[in-house]
Structure formats: C-alpha cells, structure tokens
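Every read-out reported here was derived from the displayed coordinates using simple, explicitly stated rules and does not represent laboratory data. Here the structure is a predicted model, which is why all the values come from computation and not from measurement. Backbone-built Cβ (ideal geometry, glycine too); neighbour counts: all protein chains shown.
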Amino acid sequence: MHILIVDDEALARSRLRTLLADCSGSGAGHCNGAHTVTEAESAAQALALLQPTGGRGFDLVLLDIHMPGLDGLQLAQRLKALAHPPALVFVTAHPDHALSAFELDAVDYLTKPVRRERLQQALAKAQRLAGQSATAPPPPNAGEALLLQDRGRTERLPLAEVLYFKAEQKYVTVRTSTRSYVLDGALSELERKYPAQFLRIHRNALVARRAIRALEKHFDPEEGEGWAVRLQGLVEPLAVSRRQLAAVRAELEGG
C-alpha cells in the first residue's frame, strides 16, 4: 500500500515509519508486502499531496488529530470530499475523539504509543476494504430489496442500505444511515435468508457485515460491562453478546 503519515511531530512520524517497515518484513502476520510511505508534517502539506490526484495516489492515511492549524478531524472532512478518498486510520494520544473519528468512517483508531500488533490489525482492515471495493464481485442478493409498509404505503428498501435489524418485542426495527423502519417477521428468518450480508451479534440484533468498523468496551444498563460494535454511518453502538464475541472479532480480522 501507499501510505501517507500526517503528524506534526517528527518522532511520531519516525516511529510509524519504523513500525510500517517491521510490518513489511517477514513473519509480520497480517501485513502483506512492502509499503511505500510518504510523510506530511501538517494538514496543509497533506492536502497539497492529495488534492492534485483526488486522493488516488494513496491507499491509506495515518492521521494525527491534534496539530497546529487544520486539525486531523477537519482534514478528514476534506478528504471525504476527494474523488478517490483514501482509507483513514487515526493515530493519536487522545482517546476521547474515537466517536468523532468513526463518524468520519475511519477504518480504525489507534492510541499512542502504537503497538505493532494494533497497527497490523489496522493495515489488514484497510487492505481488506480496499480489496473488496476494487475487485470483489457483488455479494449474493446485492440487488434484493425489502418490502416495507410505511405510513399506509408499500416501500421498497434496497437491502444494501440496511445497517442492522433489531428485534423489538413483536416486530423488527430496520435501520439505515438516515432512518428506521418497522418490519413484520422474525430475526431468525432474516438470519437464514441473508447469511452472507448479516452477522448475528446478539440474540436481538443482526448487523451488516460490510458496515462493521470497530469492537469496543461498552457498558449496558441491563447487562453491565461488555462489548459493542460501531457501524459505519451510525453514532450509537450496538451491544455484542459474549456468545457472539468471537464471531465479531473474526469478522473484523477478515474471517
């Protein structure tokens, strides 16, 4: 991959470059092949490198958040508008910006000091997403749609827009990035019908495999300390049951 490191601290850039070289070496596990690395010490310098090609020249940006001038979150907003936006991984000493980062569709969020194993995981995610978008054939049922009754009319909702199904008493909530619908039926039927697209994370929830972005510690008022997933396009996390935790981790790591 061609990777751009954006950080105002020279030592931080140097450490990432060293870790990337380690990842490219033999026995590096998740990392495949050598990486071409470019550095930028500011958001302005990064934009100067990215804008002429619309982002096409870079596969991944490793991006600090707290920088003089335009900060990392503001730069990420600019990058989303490029014709070919690279994947984003935030690398920061401040863990409190994780929510904002995932709202910007970040592939991962690493806290300093970065461990090689965590960087490997982030690179593997970025490589997998790049491969899916570039070469993967459409998934089964890619053109399929759900027929929903909404305010007295029948509406056709493309399955590809669904982020999750959640059982709510006698009905199922269908969630997209913009709104929710109600569907008559059982979660188990949806799981049997769309196994390639949706993964069960809890007894009451199926999530779109393509939308899973992170697994994190979470406190649930009913179940206490546990885990939750973050989905692309949504702010709220969804609880993961202990029984499904291994399946979610496997999905994030590429199966």
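The aspartates and glutamates within cross-link reach of LYS80, meaning a Cα-to-Cα straight distance under 15 Å and a gap of 8 or more places when in the same chain, are ASP59, ASP71, GLU103, ASP105. Each pair of Cα atoms in segment 171-255 enters the Kirkwood radius, and Stokes-Einstein at 37 °C and 0.692 mPa s then converts it into a translational diffusion coefficient of 245 µm²/s. What FRET efficiency would be calculated for the residue pair ALA246, HIS66, taking the C-beta separation as r and a Förster radius of 41 Å, to the nearest 0.05? Efficiency computed from Cβ-Cβ geometry: 0.70. Add +1 for every Lys or Arg and -1 for every Asp or Glu among the other residues with Cβ under 15 Å from the Cβ of VAL61, and state the total. Counting the neighbours of VAL61, the net charge comes to -3. Counting only Cβ charges, +1 for Lys and Arg and -1 for Asp and Glu, the dipole size of segment 2-135 around its Cα centre is about 360 debye. Above 27 Å, the calculated P(r) of segment 2-135 contains 10 percent of its Cα-Cα pairs. Only Lys, Arg, Asp and Glu carry charge here, each on its Cβ (+1 for the first two, -1 for the last two); on that basis the chain has a dipole of about 640 debye about its Cα centre.
When its C-alpha radius of gyration is set against 2.2 N^0.38 Å (N residues), the chain gives a value of 1.08.
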